[in-house]
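Throughout, read-outs are computed from the coordinates displayed, never taken from laboratory work. Predicted model only: the values in this text are computed from it and were never measured. Every residue, glycine as well, gets a Cβ built from its backbone with ideal geometry; the counts of neighbours run over all protein chains shown.
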Amino acid sequence: MDARLNLFGNPVAARFLGPIVAAGKPIAGSTLPAATQELVKIRASQINGCGFCTDMHTKEAAHAGETPTRLHLVAAWREATVFSDAERAALELAEQGTRIADAAGGVTDEAWENAAKHYDEDQLTALVSLIALINAFNRLNVMVKQPAGDYQPGQFG
């Protein structure tokens, strides 16, 4: 299977993606826990049907020490007992932020207030930014049908 466009070799894509990739650096360096960041990226990617990002972020999370049980249960996090209350709040915010078009009111006040109980303003800013960023990457990869399965941890630096 080949992608419809070569996002890794096209000069326009390179100029576009460079700043987007750079936008992720302050998030990665924030105090939002790295495990939470990967869980959020995985869940948004699952919702959006982005195989490439799901592959990438599950492998990165496993490489960083995430357990197989938690990785297998991300899609069913509501029923799973392996996530902290803070992670559950982040996953709920990620789901609602990813499904904005499905909800007339966007992210509920309840989801926001629950996340705010667990994360300070900088962490919330990183979390909201991360949700927006992974959704952008998901949309690019889904539109071009970027193949999934061959990603290697650390492949992009």
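From helices alone, the chain scores -19500 deg cm²/dmol at 222 nm; the rule is -39500 (n - 2.57) for each run of n ≥ 4 DSSP H residues, then divide by the residue total.
Of the chymotrypsin sites (Phe, Trp or Tyr not before Pro) found in region 97-157, those that fall in a DSSP loop while having at most 10 other beta-carbon atoms within 10 Å are Phe156.
The phi-based Karplus calculation (6.51 cos²θ - 1.76 cosθ + 1.60; θ = phi - 60°) puts the 3J(HN,Hα) values of region 132-146 at 5, 5, 5, 5, 5, 4, 4, 5, 4, 5, 5, 4, 8, 6, 5 Hz, whole numbers, x for Gly and Pro.
Shape verdict for region 94-157, please, from the Cα gyration tensor: rounded (a/c under 1.5), prolate (a/b greater than b/c) or oblate. Cα axes put region 94-157 in the oblate bin.
Angle of helix 51-63 to the longest C-alpha principal axis of the chain, folded into 0 to 90 degrees and rounded to 10: 70°. Within a straight-line Cα-Cα reach of under 17 Å, Lys145 can be paired with the following aspartates and glutamates, leaving aside sequence neighbours fewer than 8 residues apart in one chain: Asp2, Asp55.
For Thr81 and Ala104, the difference between the fully extended length at 0.36 nm per residue and the C-alpha to C-alpha distance is 5.3 nm.
Among rounded, prolate and oblate, which fits region 11-144 when a ≥ b ≥ c are the square roots of the eigenvalues of its C-alpha gyration tensor, a/c under 1.5 means rounded, and a/b larger than b/c means prolate? Taking the square roots of the gyration eigenvalues as a ≥ b ≥ c, region 11-144 is rounded.
Rounded is the label for region 25-97, because the ratio a/c of its alpha-carbon gyration tensor axes (a ≥ b ≥ c) stays below 1.5. Excluding residues on the same chain fewer than 8 positions from Lys59, give the aspartates and glutamates whose Cα lies under 20 Å from its Cα. Straight-distance partners of Lys59: Glu38, Glu87, Asp150. The relative contact order of region 11-144 comes to 36 percent, based on Cα pairs under 8 Å that sit 6 or more residues apart. Only lysines eight or more places from Lys25 in sequence, or on another chain, were considered; those with a Cα closer than 18 Å are Lys41.
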